[in-house]
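Enquirer: What follows is a structure written as C-alpha cells; I'll ask about it next.
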4 protein chains.
Amino acid sequence: MKAAFLPSINSKWEIREIQTPTPSPNQVLIKINASGLCYTDVHITKGELPLPLNFPLILGHEPAGEIVELGESVTTRKKGDRVGVPWVQKTCGRCEWCQRGKRLFCEQQQGTGVTLHGGHAEYMLAYADATVLLPNEISHEQAAPIFCAGYTVYSGLRAANPKPHERIAVVGIGGLGHLGIQYSKAAGFHTIAITHSKDKEELAYKLGADQVVTSGKDLKKNGGADVILVTSNSYKPAIEAFQGLRPEGRWILMGASNEKLIIDPLSLFLNRHQIIGSTQNDPEYLYEALDFVAKGKVKVMTETFSLENISEAYDKVANGEIRFRAVIRN
Amino acid sequence: MKAAFLPSINSKWEIREIQTPTPSPNQVLIKINASGLCYTDVHITKGELPLPLNFPLILGHEPAGEIVELGESVTTRKKGDRVGVPWVQKTCGRCEWCQRGKRLFCEQQQGTGVTLHGGHAEYMLAYADATVLLPNEISHEQAAPIFCAGYTVYSGLRAANPKPHERIAVVGIGGLGHLGIQYSKAAGFHTIAITHSKDKEELAYKLGADQVVTSGKDLKKNGGADVILVTSNSYKPAIEAFQGLRPEGRWILMGASNEKLIIDPLSLFLNRHQIIGSTQNDPEYLYEALDFVAKGKVKVMTETFSLENISEAYDKVANGEIRFRAVIRN
Amino acid sequence: MKAAFLPSINSKWEIREIQTPTPSPNQVLIKINASGLCYTDVHITKGELPLPLNFPLILGHEPAGEIVELGESVTTRKKGDRVGVPWVQKTCGRCEWCQRGKRLFCEQQQGTGVTLHGGHAEYMLAYADATVLLPNEISHEQAAPIFCAGYTVYSGLRAANPKPHERIAVVGIGGLGHLGIQYSKAAGFHTIAITHSKDKEELAYKLGADQVVTSGKDLKKNGGADVILVTSNSYKPAIEAFQGLRPEGRWILMGASNEKLIIDPLSLFLNRHQIIGSTQNDPEYLYEALDFVAKGKVKVMTETFSLENISEAYDKVANGEIRFRAVIRN
Amino acid sequence: MKAAFLPSINSKWEIREIQTPTPSPNQVLIKINASGLCYTDVHITKGELPLPLNFPLILGHEPAGEIVELGESVTTRKKGDRVGVPWVQKTCGRCEWCQRGKRLFCEQQQGTGVTLHGGHAEYMLAYADATVLLPNEISHEQAAPIFCAGYTVYSGLRAANPKPHERIAVVGIGGLGHLGIQYSKAAGFHTIAITHSKDKEELAYKLGADQVVTSGKDLKKNGGADVILVTSNSYKPAIEAFQGLRPEGRWILMGASNEKLIIDPLSLFLNRHQIIGSTQNDPEYLYEALDFVAKGKVKVMTETFSLENISEAYDKVANGEIRFRAVIRN
C-alpha cells in the first residue's frame, strides 16, 4: 500500500510503498477512504508538541474508512463496518484514570498518528474497540474531520454546559469555528459570530449565525453571550471577547498555543466568569457530533486532495491557505 | 476445581468438581479468595429475574481474588494482580449505548454470574478489561461485597448529587443500608438512620449516624433530609419517609421488588421532589467506593462461609438470617 | 371598578361594582388589561385545593396590565410600567426557605388570587417588588397566560435540565402542552408530541413538533425521548409514556390531581429514570419564558372574554371547552 | 451615637458623635454589637476600588447586632431580632439581573459601607429585607466576619461544586484561608493546606487540615487536589498550585488584586481545568455559612477592638498585622 511517512522531526513527508499491514489480535485493518489533515499534523511535524513519536511515522488522526480484515479475538466489529478512529486508541488500563473510565488522562495512552500509525495511507490498523461506527447517512469525507475538529468543538460546547435560552458566541471562523457555529445552531442556541472580516460575516450568516459582531465590546452592546467558544489559537481577539461575556458566562478554550493567557482577575471575580479548558472527551460527545452531521444539521467544509498530493495539502495547511478542513481521499 | 452450580431454576446448588478453566484470549483466570453471596443470587435461583441464564450456572457477582493466568492478548493485567469483577463484563460494542460509553444499558451485556460463570468457585474466568484492580490496603473479604452491595449504595449516593451541608437519611439498615450510613458519613454528610428498632438505633450510631429517627414523620420534626437512600425492597417505610424529605429533596431507589411504587403527586409537585432510579454505574463510583474501604472509612460487616458450606449460606440469605453480607471464602 | 367575586366555596362568581382600591405602602395599583382564567380557578372555586382563602375573593393569578398608582415607598416601579404578577407575592421573610431565597417553599406565602385579590377585575393591587416588568414586544394578552401556564411548563422544561442533542416529548396537547411543544422547540430540542388524536397531530406539527407518536410504545419504536413533559393531570397516558423514555430520561410532573402515581420500580431502577416534581420556580425561568414570547418564538393560543362574560368563560374552562387558554380582557 | 467616618479618599478615619439615625420606611435600626474590619476597608480608604462612595462615609460591611427600631411598613423583622447585613442591600429592581433574581449583578446596587453607611458605629440603618437573621447559637462576634470573609470563602467552595470523595486544597492560610480549611473540613472533604511556613503548618492541622504541603509540586506528589481555593491576593503561589490540580480540577478565585493572572493554556486544555471567579453569592450560601458556625464546626479567629480604637485596628489590618479577622466590638 501507499502511505505518507514523516521520516523524522522537521523532515518532508514522503509517499512510500510498503506492505499492507496485518491486524494483530483485537485490531482491525481499515481501508482508508478519507483522512483529515489537521493543523496538529503541522505541529507534530515541526516537533512542537511534547509527544512520544515513533519514526518513521504515518500521521493522520482523522481517519475514516471501511473495515476489510479482522484480527483474532475481534468480536465487536465485522468486515464492511464503516468506522472512524479517534485520538486515544489504547491506554494502560491500570492507572487511576483508566480505572475511573477517563482514559484521556492516562499518561501512557497510545494515540492515532502519534505512537500508532495514522490515516494518511491506503490502509490503517486500529484497535477494534477504539473504532467508532459511522452512521449510515454520513459520508467518509464528512465523517473524517469530525474525529478531531468536530469532536473538539462539540466537546467544548458540551463542556460549557449551555442551558436553554443561552447565547453562544464563536471566536475564529475557520476549521473549528465554522463547525462551532453550526453545532451551536443545531443545538438550538442563539449563535453569534465574532469577526472583523466582512467576508466572514457573510459566511457566518450562511452557516446559521443569528448575529455577527466585530468584537467583545460590540458583543456587549448587542446583548452579550453566555458562552464563548475560543476556536483560534491566537488569543488576542478571544481575550478581548471577555468584554462581551455576560455574568456567569463561560469562556471555553479548545486548543493551546505557546502564548500565555493573560487574564484580568477583577472582571473574572465580579462576573463569576469561568475559563474552561476542553480537550476532546467522552464518547457521548463524539456520538452526538457525528449524529448532527448524519442528520444534515452540520456540514463540514472541506478541500480534498489525493494521497499523492498530500504534500501540497500539508503546505497549504501549514501556510494557513486551507480555509476550513483539508481531507485526503483515496 | 470445586464450584457451586445451580443446575436449573429452582433447584438446589451443588458443589461439583470440574476442570479448572483456561482463559480465552482477553480473559484472565482468577483464583477466588472471597465471593459475596447477595440476595440477588436468591432471586436468580428462584427465577424471579428476567435474565438470560446458561445452566448449569455458577452464580456469584461479588468475586475478589488474584489473577493466576493470562489469556492471549491480555496487556492490562498481570499475574498476581488482585482484582474484583463487577456485574457487566462484556457488551455488544455496537449499540448506541456502547458507542456512548454507557455499557450498562447495552441489551446484550454479559453478566458475571448470569451469562458468565461467577465467583462461587475456586477459580473464575473474567475478561481482563472488565476486572478492577484492588487497592493494596483492602482485603479480598472486604472488597468482594463492594462489587455489588457497596457499588450499588455508593452509586445511589452519587446519583443524588448531594451538596455540602445537605442531610442524608438511610431507610433500611441491613446489607446495603449499613454501608449507606458509612458512605454518607465518609463523604461528610449529616447522616440520619430511619429505623423503628432499638437494636438498629444503637448499631446506626456505631456506624457513624449523627441522628436516628423512627419514621419520615419523626424525620420531619427533626430537621428533615435532602436525600433519602432507599436500601430496602419493602417500600412501605420508604414511601412514608417522603414525609421527612425537604423541598427539592431526592429519593433514591437502589433496588426493585415486585411491589409497585404508589406516590402522592401533590407533595412531589409542590416540594419539587425527585425520585431517582439508580443501578450501579460509572467506573468512577466503584473506584471511589473501594477507596473509601481501603482508607478504613467504610467497613463491611460480613459473615463468612467456606465454599463447602455455601448451601448453608444460601439458606441463611434466603431466609433473611444474614444481617449484613455473606461472603464465601476459599 | 368592576370585579368578579367568588363569594364562597362552590358558589357562583358575581360581577360586583366596588371602590377601586388604593395601594398600601410598597404596593402598586395595576389597571388590568388581560387576566388569564386557569383551570386552577375551577379547583379553587370547588374547594379542591388546600389553600387559605379570604372570601369574598377575586380570583385570577395570570394578571397583566399597567401600573397607574404607586403606594408609598415604592422605588422600583413607576406609573406606566407594564407588568404581570406571579403566584407568590409576599412571604414571611423569616423561615429557612425565605432566608435561602427560595420563597416558593415559605409556608406563609401570600398568593395572587388566593389570599390576595387577583386579576379578574378592572384594577388590582400588588406588591411592587413581586411584579414583573413585561418586555415591550409582548402584548398583555400574550403575557397574561405566561404567568401561570407558561411559567409552569417552562420551569418544568428547565427542571429537566435538558442537554444539547436531547429529545423532548410532550404528553397532553392543551393549555400547557401547546406551550410545552413551542418552548421545547424554541430552546432547540427535537420535539415530539404524544397524542392519539389525528386532529392534535396536525396541530402539533403546526406548533413546531418534529415528530408525533401515538403512545410511549410508539415513541420507543421511533427513537424514544430523554425528557417527557407531563402536562395533563390524567396520568394514564403519562405513565404509559415511560415506555418510550430513554435510559437516564426524566419524567417531569408539572401539576397534580387526586390520582396516585403508580410506578414500576424495576424499569425506573434499571433505566436510571428520574421522576421530577416541578412547580413554577425561579424568577429566571419566568424571565426567559416571557422573553421567548416577546421574541415571537412562542405564541399562546387564547380565547378571549370580556369581564362581563367571565361566567361564560368559567363554565367553558370548567367543562373543558377551552382548548388552550382563556383570557379576560378589559 | 459614635461612628467612625472616612471623610474622603486617603484621609484618616475619625470618630464623630452624630445623631442616631431614624429608619425610613422598610428600614430597621440596628444596635451594632460587632463589626468586622476587612482588608477591603483599606482598599476603599485608599481609593483602590472603583466604587461610587458618598463622603463622609461610615465603612464596615460585616455588621452584626440587634434590631432596636423599625421603620414604617416593615413586616418581616421585629425589635430584638439579631441580624447581620450583607454587602448588597438594595438594587434597581428593573434590570435583567434584578428580574432574574441575581441582584449581585445589578449595576445600581447599594452596598453596605459603600453607598450606604456601614457597621463601624454604635447604630446602623439597613433595609429590613436585606438583613439576615442570625441563628441563636452564634455570637455577634462570630457572626460578623461571616458576612464578608465567611460568605466569600464558602461561596467559593460551593462554586467549585465539589463532589463526594474529592480533595480540596487551600492556598493562603489567613483571614479567608483559615475559614476555607474549616468549611472544607466541615463539609466532609479531604482538606489540604498549601503553605511554606512551619508555623502555618501546625495551625492548619489544628484547623482540621488532613494534609499540609509546601507547593503545588509537592501537592502533585502527594495525591493532588480536585479543587484549589485561592484565598490570597498574591497570585504567585496560587498559580504555582496549578501543578497539583488533578484533571478536571477547579481553581477558585475569590478575590482580585491588580496583578494579572498569567495562565499556561496547554495544561489548562489538556487537563480540562477550570478557573472560576467567585464573589459572594446566593443567599443559600450565607445561610449555610452561618449555620456551620452556629453548629460549632467553623470558628472564626478574631482580634477585637473597641470602636474608640478603630484606628489602631485599621492600621494593623492595613499593615498586615492582623493574622485572621479584626472585629470592632461595642
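The values are calculated or read from the model by the stated rules, or taken from the named source; none is laboratory data. These numbers were taken from a predicted model, which means no experiment stands behind them. Neighbour counts run over all protein chains shown; Cβ positions are idealised from the backbone, glycine included. When the accessible area is computed, the model is the full protein with side chains, heavy atoms only, and any ligands, DNA or RNA have been set aside. Shrake-Rupley method; radii C 1.70, N 1.55, O 1.52, S 1.80 Å.
Enquirer: For a distance above 29 Å, tell me the whole-number percent of Cα pairs in chain A that qualify.
Expert: 37
Enquirer: Right, here's the next one. Which value, in Å³ per residue, describes the convex hull spanned by the Cα atoms of region C:1-149?
Expert: Taking only Cα atoms, region C:1-149 has a hull volume of 109 Å³ per residue.
Enquirer: Report the FRET efficiency, 1/(1 + (r/R0)^6), for B:ASP315 and C:GLU107, where r is their Cβ-Cβ distance and R0 is 56 Å, rounded to 0.05. Don't skip to the end; give the middle numbers.
Expert: Numbers: r = 52 Å, r/R0 = 0.92.
Between B:ASP315 and C:GLU107 the formula returns 0.60.
Enquirer: What total accessible surface area, summed over both chains, is buried at the interface between chains D and A, computed with a 1.4 Å probe and given in Å² to the nearest 100? Could the numbers behind the result be given before it?
Expert: Working: alone 15550 and 15550 Å², together 27780 Å².
Approximately 3300 Å² gets buried when D meets A.
Enquirer: Also, I was wondering about something else. Classify region D:149-211: rounded, prolate or oblate, from the alpha-carbon gyration tensor (a ≥ b ≥ c, eigenvalue square roots; a/c under 1.5 rounded; otherwise prolate if a/b is larger than b/c)?
Expert: Working: a/c = 2.07, a/b = 1.38, b/c = 1.50.
Oblate shape, in that a/c is at least 1.5 and b/c is the bigger or equal ratio.
Enquirer: At q = 0.12, 0.15, 0.22, 0.23 Å⁻¹, what base-10 log of I(q)/I(0) does the Debye formula yield for region C:151-277 when every alpha carbon is treated as an equal point scatterer in vacuo?
Expert: For region C:151-277, the Cα-only Debye profile gives -0.36, -0.58, -1.35, -1.49.
Enquirer: Given the pairs D:LYS163/D:LYS295; C:LYS90/C:LYS200; B:LYS220/C:LYS236; A:LYS206/A:LYS316, which are separated by over 28 angstrom at their Cα positions? Display every interim value, and only then the final one.
Expert: Working: D:LYS163/D:LYS295 22 Å; C:LYS90/C:LYS200 39 Å; B:LYS220/C:LYS236 31 Å; A:LYS206/A:LYS316 24 Å.
From D:LYS163/D:LYS295; C:LYS90/C:LYS200; B:LYS220/C:LYS236; A:LYS206/A:LYS316, over 28 Å: C:LYS90/C:LYS200; B:LYS220/C:LYS236.
Enquirer: Follow-up. If you filter region A:232-291 for trypsin sites (Lys or Arg not before Pro), then keep DSSP loop positions with at most 14 other Cβ within 10 Å, what is left? Intermediate results must be reported in sequence, preceding the final value.
Expert: Details: sites: A:ARG250, A:LYS260, A:ARG272; in loops: A:LYS260, A:ARG272.
Within region A:232-291, the qualifying trypsin sites (Lys or Arg not before Pro) (loop, at most 14 other Cβ atoms within 10 Å) are A:LYS260.
Enquirer: Rg and Dmax of region D:1-87, using alpha carbons, in Å: what are they?
Expert: 14.2, 40
Enquirer: Only Cα pairs under 8 Å and at least 6 apart count here; give the relative contact order of chain D as a rounded whole percent.
Expert: Numbers: 782 pairs, mean separation 60.5, N = 330.
The value is 18 percent.
Enquirer: Inside 10 Å of the C-beta atoms of C:158-167, what's the mean count of C-beta atoms belonging to other chains? Numbers along the way, then the final one.
Expert: Details: counts 3, 3, 1, 3, 3, 7, 15, 16, 2, 0.
Other-chain Cβ atoms within 10 Å of each residue's Cβ, averaged: 5.
Enquirer: For helix B:149-159, what angle does its Cα long axis make with the longest principal axis of chain B, in degrees from 0 to 90 and rounded to 10?
Expert: It works out to around 50 degrees.
Enquirer: Here's another thing I want to ask about it. Using alpha carbons only, how many degrees (0 to 90, rounded to 10) separate the axis of helix A:177-186 from the longest principal axis of chain A?
Expert: 80
Enquirer: Here's another thing I want to ask about it. Put a point 7 Å out from Cα along the line to Cβ at C:GLU202; what are the distances to that point in the other copies, in nm, shortest first?
Expert: Inter-copy label distances (nm, one decimal, shortest first): 4.4, 7.5, 8.6.
Enquirer: Another one. Over region B:183-237, how many percent of alpha carbon pairs lie in each 10 Å bin up to the one with the longest distance?
Expert: In whole percents, the pair-distance histogram is 23, 59, 18.
Enquirer: Checking the a/c ratio against 1.5 first, then a/b against b/c, what shape does the Cα gyration tensor give for region D:80-178?
Expert: Working: a/c = 1.99, a/b = 1.24, b/c = 1.61.
Taking the square roots of the gyration eigenvalues as a ≥ b ≥ c, region D:80-178 is oblate.
Enquirer: Per-residue ellipticity at 222 nm for chain D, helices alone: DSSP H runs ≥ 4 residues times -39500 (n - 2.57), over residue total, nearest 500 deg cm²/dmol?
Expert: Values: 11 runs with 85 residues, N = 330.
That calculation yields -7000 deg cm²/dmol at 222 nm.
Enquirer: Now for a separate question. Give, in whole angstrom and from largest to smallest, the semi-axes √(5λ) of the equivalent ellipsoid of region B:79-126, with λ running over the eigenvalues of the Cα gyration tensor. Mind dumping the intermediate values first?
Expert: Values: eigenvalues 114, 30, 10 Å².
So the equivalent ellipsoid measures 24, 12, 7 Å along its semi-axes.
Enquirer: Kindly state, to the nearest 0.05, the FRET efficiency for D:GLU240 paired with A:SER257, given R0 = 30 Å and r defined as their beta-carbon distance.
Expert: Values: r = 22 Å, r/R0 = 0.73.
In this case the efficiency is close to 0.85.
Enquirer: Sequence gap at least 6, Cα distance under 8 Å: using those rules, report the relative contact order of region A:182-330 to the nearest whole percent. All intermediate terms of the calculation are to be shown ahead of the outcome.
Expert: Numbers: 204 pairs, mean separation 25.1, N = 149.
So the answer I get is 17 percent.
Enquirer: Okay, next question. Under a crude label model (7 Å from the Cα following the beta-carbon direction), how far is D:GLU202 from D:GLU303 in nanometres?
Expert: In this crude label model, D:GLU202 to D:GLU303 measures out at 1.8 nm.
Enquirer: Let me ask something else about it. Treating the angle as unsigned and between 0 and 90°, give the value, to the nearest 10°, between the Cα long axis of helix C:283-294 and the longest Cα principal axis of chain C.
Expert: The angle comes out near 90 degrees.
Enquirer: How long are the three semi-axes of the equivalent ellipsoid of the protein assembly as shown, in whole Å, if each is the root of 5 times an eigenvalue of the C-alpha gyration tensor, listed from largest down?
Expert: Details: eigenvalues 501, 281, 261 Å².
Square roots of five times the eigenvalues give 50, 37, 36 Å.
Enquirer: Roughly how many nanometres apart are two label points built 7 Å out from the Cα toward the Cβ at D:ARG16 and C:GLU17?
Expert: The modelled label-to-label distance comes out at 5.9 nm.
Enquirer: First check a/c for region C:201-330, with a ≥ b ≥ c the square roots of the eigenvalues of its C-alpha gyration tensor; if it is under 1.5, answer rounded, and if not, answer prolate when a/b is larger than b/c or oblate otherwise.
Expert: Details: a/c = 1.90, a/b = 1.72, b/c = 1.10.
Judged from the Cα gyration tensor, region C:201-330 comes out prolate (a/c at least 1.5, a/b above b/c).
Enquirer: Still on this model: Using a simple spin-label model with points 7 Å from Cα along the Cα→Cβ vector, what separation in nm is obtained for A:LYS163 and A:ILE9?
Expert: Modelled inter-label distance: 4.7 nm.
Enquirer: Let me ask another. Relative to the Cα centre, what is the charge dipole magnitude of chain B, using +1 at the beta carbon of each Lys and Arg, -1 at the beta carbon of each Asp and Glu, and rounding to the nearest 20 debye? Could you put the intermediate results ahead of the total?
Expert: Working: 36 positive and 35 negative charges, 135 e Å.
Charge dipole, chain B, about its Cα centre: 640 debye, nearest 20.
Enquirer: Still on this model: Any idea what Rg and Dmax come out to for region D:230-275 if you just take the C-alpha atoms, in Å?
Expert: So, for region D:230-275, Rg and Dmax equal 10.3, 29 Å respectively.
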